[in-house]
Amino acid sequence: MGYKEYLSIAIPFVISTVTQPLLGAVDTAVIGRLGDPAFVGGVAIGTAILNTLYWLFGFLRVGTSGFSAQALGSQSEKQVYFAYFRPLFIALCISVVFIGLHQPILQGAFAIYEPEAKVLESTQSYFEILIWGAPFVLIGYVNLGWIMGQKRIKETMWLQISTNVINIVLDVMFVFYWDFGVAGVAYATLIAQGYGFILGLWFISKIITLKRIFFFRDELLHKGELKKIMSVNGDLMIRTVCLLAMTNMFV
């Protein structure tokens with residue numbers, strides 16, 4: 001592999017690492033223009049909570065990319081399908097847990113951050129809207145990782161750039177034109193996440209089809225293989241926990 005080919009694969013990886021935090025950063029920047037510190041504080045804390053949840057499972061992108069690349073190299077249609085649908089199943093399960101436990105998660109975060117009443121209200125409004133985007137984000141990680149592993153560089157870049165552009169445009173419209181406040185930036189990000197999720201599925205549908213997975217359904221959710229996916233990424237998750245602990249100390 002030459003330098004040019006290496007960079008063509010590595011650069012999208014770097015960009016994808018900052019994509020999710022960038023959505024939250026845009027929200028904070030836009031809401032800051034309203035001039036109310038409570039709004040800024042609420043969005044900042046809400047973003048920190050959501051980023052902590054999602055970054056813990058960032059291996060869904062990195063790990064899926066590795067398995068997808070291995071499957072591509074093996075030229076095995078079955079492994080190409082498994083490299084996508086197994087992480088997708090894990091992402092879906094984690095999303096359901098996040099949504100089901102979102103109130104205890106939020107209350108635990110409030111116990112740590114101890115925000116003032118108005119900041120707490122803004123945080124709750126922001127978080128309770130965006131937590132419904134958990135499937136979009138986590139399955140979006142799988143979509144992105146799988147597409148990158150298949151060396152679909154153009155699709156990768158288009159997916160990330162267009163999602164962020166839509167988020168910025170909707171933020172401006174919802175906050176400055178329609179005066180939706182904190183809820184506006186949350187809905188803008190939720191819509192952008194949904195768009196990225198759907199676009200990723202569309203890109204993938206051009207490579208594989210759902211019908212074919214039924215030929216491999218008996219092996220798809222093999223417990224040993226699912227455990228392998230989790231164990232392979234265990235060290236990465238520990239590293240992420242340490243990084244998040246340090247980062248969140250400054251929020």
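The values are calculated or read from the model by the stated rules, or taken from the named source; none is laboratory data. Quick caveat, the model's predicted, so the values are computed rather than measured. Virtual Cβ from ideal backbone geometry, glycine too; neighbours counted across all protein chains shown.
In the range 115-124, what residues are among the charged types (D, E, K, R) and not in a helix (DSSP H, G or I)?
Just the residues of the range 115-124 that are among the charged types (D, E, K, R), to begin with: 116, 118, 121.
The answer is Glu116, and nothing else.
If you check every pair at least six apart or on different chains, which have Cβ atoms under 9 Å apart with a residue in the range 199-216 that is modelled with pLDDT of 70 or more and surrounded by 13 or more Cβ atoms within 10 Å (Cβ to Cβ) first and a residue that is of a type in the set (S, T, N, Q) and outside any helix (DSSP H, G or I) second?
Taking only residues 6 or more apart or on different chains, the pairs are Ile204/Gln150; Ile207/Gln150.
Take Ile90 and tell me if it is over 12 Å from the mean Cα position of the chain (by Cα), at pLDDT 85 or above and farther than 30 Å from Arg152 by Cβ.
Values: over 12 Å from the mean Cα position of the chain (by Cα): yes; at pLDDT 85 or above: yes; farther than 30 Å from Arg152 by Cβ: no.
For Ile90, the condition - over 12 Å from the mean Cα position of the chain (by Cα), at pLDDT 85 or above and farther than 30 Å from Arg152 by Cβ - is not met.
So in the range 52-77, with the set limited to residues that are small (Gly, Ala, Ser) and part of a helix (DSSP H, G or I), which one is surrounded by the fewest Cβ atoms within 10 Å (Cβ to Cβ)? Explain how you work it out, then say what you get.
Pass one, the range 52-77, residues small (Gly, Ala, Ser): 58, 63, 65-66, 68-69, 71, 73-74, 76.
Okay, now just the ones that are also part of a helix (DSSP H, G or I), so 63, 65-66, 68-69, 71, 73-74.
Working: Gly63: 24, Ser65: 27, Gly66: 17, Ser68: 25, Ala69: 18, Ala71: 21, Gly73: 10, Ser74: 12.
Restricting to residues being small (Gly, Ala, Ser) and part of a helix (DSSP H, G or I), the top hit is Gly73.
All but one of (1) farther than 24 Å from Tyr195 by Cβ; (2) under 15 Å from the mean Cα position of the chain (by Cα) hold for Pro135; which doesn't?
(1)
Part of a helix (DSSP H, G or I), out of contact with any helix residue (DSSP H, G or I) (no Cβ under 9 Å at 6 or more places or on another chain) and either within 28 Å of Ser125 (Cα to Cα) or modelled with pLDDT of 90 or more (or both): is that true of Gln107 in this structure? Step through it out loud before you land on a result.
Working: part of a helix (DSSP H, G or I): yes; out of contact with any helix residue (DSSP H, G or I) (no Cβ under 9 Å at 6 or more places or on another chain): yes; either within 28 Å of Ser125 (Cα to Cα) or modelled with pLDDT of 90 or more (or both): yes.
Yes: the conditions hold for Gln107.
Say we look at the range 170-211 and pick out the residues that are among the hydroxyl-bearing types (Ser, Thr, Tyr) and part of a helix (DSSP H, G or I); which of these is farthest from Ile45 (Cα to Cα)? Steps first, please.
Let us first name the residues in the range 170-211 that are among the hydroxyl-bearing types (Ser, Thr, Tyr), namely 177, 187, 189, 195, 205, 209.
Now narrow it down to the ones that are part of a helix (DSSP H, G or I): 177, 187, 189, 195, 205.
Details: Tyr177: 25, Tyr187: 17, Thr189: 15, Tyr195: 24, Ser205: 36 Å.
Out of the qualifying residues, it is Ser205.
Which of the residues that make up the range 147-179 are touching a residue at least 24 places away in the same chain (Cβ under 8 Å) and farther than 14 Å from Gly196 by Cα?
Selection gives Met148, Gly149, Gln150, Lys151, Arg152, Ile153, Asp171, Val172, Val175, Phe176.
With closer than 24 Å to Phe136 by Cα and either modelled with pLDDT under 90 or part of a helix (DSSP H, G or I) (or both) as the only criterion, which of Ile99, Ile112 stands out? So that I can check it myself, show each step before the final result.
Values: Ile112 fails: closer than 24 Å to Phe136 by Cα.
From the options Ile99, Ile112, the qualifying one is Ile99.
Scan Phe127, Phe89 and give me the residue that is within 23 Å of Val43 (Cα to Cα) and either assigned to a helix (DSSP H, G or I) or polar (S, T, N, Q) (or both). Let's see the steps before the verdict.
Values: Phe89 fails: within 23 Å of Val43 (Cα to Cα).
Exactly one residue qualifies, and that residue is Phe127.
Among the residues of the range 119-162, which ones are on the phi < 0 side of the Ramachandran plot, among the charged types (D, E, K, R), touching a helix residue (DSSP H, G or I) at 6+ places or on another chain (Cβ under 9 Å) and surrounded by fewer than 18 Cβ atoms within 10 Å (Cβ to Cβ)?
Step one: filter the range 119-162 for residues on the phi < 0 side of the Ramachandran plot, giving 119-150, 152-162.
After this cut, where a residue has to be among the charged types (D, E, K, R) as well, the list is 121, 128, 152, 154-155.
Then keep just the ones that are touching a helix residue (DSSP H, G or I) at 6+ places or on another chain (Cβ under 9 Å); that gives 121, 128, 152, 155.
Once the filter is applied, which keeps residues that are on the phi < 0 side of the Ramachandran plot, among the charged types (D, E, K, R), touching a helix residue (DSSP H, G or I) at 6+ places or on another chain (Cβ under 9 Å) and surrounded by fewer than 18 Cβ atoms within 10 Å (Cβ to Cβ), the range 119-162 yields Glu121, Glu128.
Taking the condition of being outside any helix (DSSP H, G or I) and either touching a helix residue (DSSP H, G or I) at 6+ places or on another chain (Cβ under 9 Å) or basic (Lys, Arg) (or both), how many residues in the range 29-51 meet it?
Taking the range 29-51 as the starting set, the residues that turn out to be outside any helix (DSSP H, G or I) are 33-36.
Checking the rest, the ones that are also either touching a helix residue (DSSP H, G or I) at 6+ places or on another chain (Cβ under 9 Å) or basic (Lys, Arg) (or both) come to 33-34, 36.
Within the range 29-51, residues that are outside any helix (DSSP H, G or I) and either touching a helix residue (DSSP H, G or I) at 6+ places or on another chain (Cβ under 9 Å) or basic (Lys, Arg) (or both) number 3.
Considering only the range 78-116, state which residues are of a type in the set (Gly, Ala, Ser) and farther than 16 Å from Tyr54 by Cα. Break it down into steps so the answer makes sense when it comes.
We begin by selecting, within the range 78-116, every residue of a type in the set (Gly, Ala, Ser); these are 83, 91, 95, 100, 108-109, 111.
Within the range 78-116, Ala83, Gly108, Ala111 qualify.
Hey, could you check the range 78-118 for residues that are basic (Lys, Arg) and surrounded by fewer than 19 Cβ atoms within 10 Å (Cβ to Cβ) and say which is nearest to Ile204 (Cα to Cα)? Outline the logic, then answer.
Within the range 78-118, the first condition is being basic (Lys, Arg), and the residues that meet it are 78, 86, 118.
In the following step, the residues that additionally are surrounded by fewer than 19 Cβ atoms within 10 Å (Cβ to Cβ) were identified as 78, 118.
Values: Lys78: 15, Lys118: 43 Å.
For the range 78-118, the residue satisfying everything is Lys78.
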